[in-house]
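J.: Attaching a single structure in structure tokens format; questions to follow.
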Amino acid sequence: MRSALRAAAAVIGLIALGGCSSPSELMIAVHTDLGVPDDIDLVKIAVFRGGREKFVDEYPNLGSEGAGARLPFTLGLVAEAPGVEVHVRASAWSKGLPRIVRDAVTTIPSERVALLHLPLHFLCDGSARRVDRADLDAPLDGVENARCGEGETCVAGACVAAQVDSSTLADYAPEDVFGGSGGQGGSACFDVARCFAAAREVSLLDAGGDCSFVSVQEPGSAGQPVNVALKTTPQSEARGICGERGCFVALDAGSEAGFDEGADGVVRLPPAVCGQMAAGKGIEVVSQPAGEGCPQKVQALPTCGPWSVAGGG
């Protein structure tokens, strides 16, 4: 599934950017921490060059029979020469309305395949606004940023520059996206509902914008990595992945949109987490030590489910 999708997208990229086959490529990886199809059921990808749309496609019916793709998926972009600047936009939709938009403006790297993650995350829910397609100047993907200014995008609930220096991007490796081999059903995945079934709520510190908590280890688990999630309420507009013990949005360890655990045992979260809690958004932070069958959740480890390209889907 993954290989076929990537191959098709790479050919489209060649046509869209008007070039010939080249080892210089930008690999876009699209993934989400939300529930599929309950929170999102469609993803759109748009590629702009020189301010004009060169490629637009959509992947509907996510998590259902006949899905346009399984998550995560990749899209390969190539051009006639390295250094070509492109603007790539991913958007997540639900029931015909956009919920999340993520933009990146970068260049096609030289003589390598670079990996650019475009995650569609809970903390940026509400960042997208639908554009009236009756407007002749409206983008074909029908979405714009509702939260951030010109040249910005939403990352972990905050507006940051959309410009990305492609020289800072890692080389593409399937295991950095698909949790293992990348083959359908042949790689690892993270079972969100099971791995947070016994999670405990933590007390947050919000001093000087440092949204954090002190990791309290279970007896016999000292030094063990932890997993962290946002537990949502039934009133939340987006709920994440649900099980018998509730609905959870798993955060990625070591990610700009997830959490970092220091040697001092302090776990630091994006400030937007404390901001949403203060605004009464209906979330609480829970934590659970990583253990057998529940490794630490990282960006390279997809969530398990019928929407997933990884094992357990």
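J.: Report the one residue of 262, 238, 278 whose Cα lies farthest in the direction of the positive end of the charge dipole of segment 192-289 (charges on C-beta: Lys and Arg +1, Asp and Glu -1; origin at the Cα centre).
T.: 238
J.: To continue, here is another question. With +1 on the Cβ of every Lys and Arg and -1 on the Cβ of every Asp and Glu, and nothing else charged, how large is the dipole of segment 192-289 about its Cα centre, in debye rounded to the nearest 20? Please report the intermediate quantities before stating the final value.
T.: Working: 7 positive and 12 negative charges, 74 e Å.
I would put it at about 360 debye.
J.: For 64, 203, 91, 236, what ranking results if the residue with the fewest other Cβ atoms within 10 Å of its Cβ goes first?
T.: 203, 64, 236, 91
J.: I need the shape label for segment 192-289. Rule: rounded when a/c is under 1.5, else prolate if a/b > b/c, else oblate, with a, b, c from the alpha carbon gyration tensor.
T.: Cα axes put segment 192-289 in the oblate bin.
J.: Under 27 Å from the Cα of residue 281, which lysines turn up, not counting those fewer than eight places away in the same chain?
T.: 44, 95, 231, 297
FYI, it's all coordinate maths here, none of it is from the lab. Because the structure is a prediction, the values reported are computed rather than measured. Don't worry about glycine lacking a Cβ; one is built from the backbone with ideal geometry, like all the others, and counts go over all protein chains shown.
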